[in-house]
Amino acid sequence: MYANGDAPRRRHRTGAASGLLALALLAGGCTAAGGGVEGAPGAAGLRDPYFPKLGNGGYDVRHYALSLAYDPGTGRLDGTAEITARADQDLSAFNLDLAGLRVSGATVDGVRAAYNRAGNELTLRPREDIRDGAEFTVTVTYTGVPEPITDADGSEEGWLRTAGGAVAVGEPEGSMTWFPGNHHPADKATYDLTLTVPAGLEGLSNGVRTERRTERDGRVTTVWHTAEPMASYLATVAIGRYETASATGPASLPVLTAAEPSVAAGSAALRGEIPAILARQAERFGPYPFSAAGAIVTVDGTLGYALETQTRPVFPAASFDRTTLVHELAHQWFGNSVTPATWRDLWLNEGFATYAEWLYSEEYEGVPARTHFERAFAQDANWTFPPAAPPAAENLFDPPVYQRGAMVLHKLRETVGDAAFDEILRGWPAKYRHANASTDDFTAYAESVAGKDLDALWKVWLYGDDRPSAP
Ligand code: TRP
Ligand code: ZN
């Protein structure tokens, strides 16, 4: 066993003492004609400040084609992941993130590849090196009963079993419990997901449902297409006795909502508000960034929080209220289209989604954003750390990321004025549409709109430890 898939080859590369002839033969067998440069293993992690081993170096995923079959009775998941990627270095080996499950086979460009497991790293060693710039396809077949991850803050994520089904959520790292991939938000890709579930159940995922068929054995297969880039933490699957409803949003957007039977009637009216909420948000934040929308409402007891899964956020019934819905829909612009460069930049998601709640309340409930700001300012729980610098992974979803994140935006609004602030609300998601952005990208962008340096603002509200004397 070896951690990074590099040991056998490195031994040859550095083993000059074993003879020049052997080295030459080995090199000749491993590199393209005329090359002579031997690939190196891709990094086992992207050095995220909170999750250093999350994601992998050496390649960039373009597309995931996942085929999943799930049996709620046994909890067993059978999967095939076909991953199309582009190498960004000469690669002798590379990693995918995968937690638990059993891998039964792997190929690279159709040729069987060696693979090893160590922790949450699946290392693949293709027969031939992959050249920098080459596009390649990896296929991994796997099976097992997925195990959820308990985060540092105690919350559960990943593949969660429900009574009679499952719901999968992946923020920040749970998606590795149900498919192998490059599970850092910096590597976004498009997806096709084929889901097979027992007769009588509904399978749901992100994007547009392009197919629904009954297998010869009675199981039901649906195919889900995500055309726009998606960070893997935003991928979802929900399996159960869901009832679905279709509607049309702004610009003919297909809106598909689903709810488990016991919460279907009670959630129907609010699910029906999604087109109108999106229409208003599109006026403020610019065109809705995806080609599908919706929501999935699950019974309480499994999922402990709502999540902005791309195009189709998921909610435990107890969290399916208007404020949370506004929050998760705003994430489609802030977080899902403009995605944090690292997990340290999470306030760019949560600060904007929280500010979207304040804007909604200001407009429809007559509570000025300034009042929300002052309420947040008064709460001690919001002052435990600055929003742009959570001390540890267990603090990522703590109040300062949400509330101080929103407070930064309100201070920005008061500093630059409503017109420039409105321009920022539309311009920021336009500039980084379907891309990644960091806190530095944001401060630079805001300053470019403001036409001046805003250092004093960032120093106190974004990076400052202490509560200022006045709001
Ligand atoms: N990001 C989610 C939201 O704000 C919530 C969330 C995800 C969360 N993971 C969490 C909240 C863990 C608490 C703990 O919409
Ligand atoms: Zn949020």
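Annotations
- Relative to the Cα centre, the charge distribution of the stretch 338-462, modelled as +1 at Lys and Arg Cβ and -1 at Asp and Glu Cβ, gives a dipole magnitude of about 180 debye.
- For the chain, radius of gyration divided by Kirkwood radius, i.e. Rg to Rh on alpha-carbons: 1.00
- In straight-distance terms, cross-link reach from Lys411 covers every one of the lysines whose alpha-carbon lies under 22 Å from its own, apart from those fewer than eight places away in the same chain; here that gives Lys431, Lys452, Lys459.
- Packing rank of 245-251, 140-146, where each peptide gets the mean count of other beta carbons within 10 Å, highest leading: 140-146, 245-251
- Counting all C-alpha pairs of the stretch 338-462, share separated by more than 26 Å (%): 15 percent
- Using Cβ point charges alone (K and R +1, D and E -1), the dipole size of the stretch 2-241 about the Cα centre works out to roughly 660 debye.
- Karplus 3J(HN,Hα) series, Hz, for the stretch 166-181 with 6.51 cos²θ - 1.76 cosθ + 1.60 (x for Gly, Pro): 6, 9, 10, 9, x, 9, x, 9, x, 5, 5, 7, 10, 7, x, x
- Ligands, DNA and RNA aside, Ser469 has an accessible area near 130 Å² when probed at 1.4 Å.
- Residue-normalised convex hull volume from the C-alpha trace of the stretch 291-395: 124 Å³ per residue.
- Here the relative contact order of the chain, from alpha carbon pairs under 8 Å that lie six or more residues apart, stands at 11 percent.
- Cleavage-rule hits, trypsin sites (Lys or Arg not before Pro), the stretch 370-471, DSSP coil, Cβ neighbours within 10 Å at most 12: Lys452
- Length added when fully stretched, Ala118-Asp71, from 0.36 nm per residue minus Cα-Cα: 14.2 nm
- Probe 1.4 Å, accessible area per residue of the chain, Å²: 39 Å²
- MRE, 222 nm, helices only [DSSP H, n ≥ 4, -39500 (n - 2.57), over the chain, to nearest 500]: -7500 deg cm²/dmol
- Per-atom-type breakdown for the chain gives carbon and sulfur 50% of the accessible area (1.4 Å probe, protein chains only).
- Relative contact order [Cα under 8 Å, 6+ residues apart], the stretch 375-447, whole percent: 24 percent
- In this simple spin-label model, placing a label point 7 Å from the Cα along the Cα-to-Cβ direction at both Arg102 and Ala378 gives a separation of 5.9 nm.
The values are calculated or read from the model by the stated rules, or taken from the named source; none is laboratory data. None of these values were measured; they are calculated from a predicted model. Glycine also receives a Cβ, built like all others from the backbone with ideal geometry; neighbour counts cover every protein chain displayed. Side chains are part of the model used for accessible areas, which takes the heavy atoms of the whole protein and leaves out ligands, DNA and RNA. Shrake-Rupley method; radii C 1.70, N 1.55, O 1.52, S 1.80 Å.
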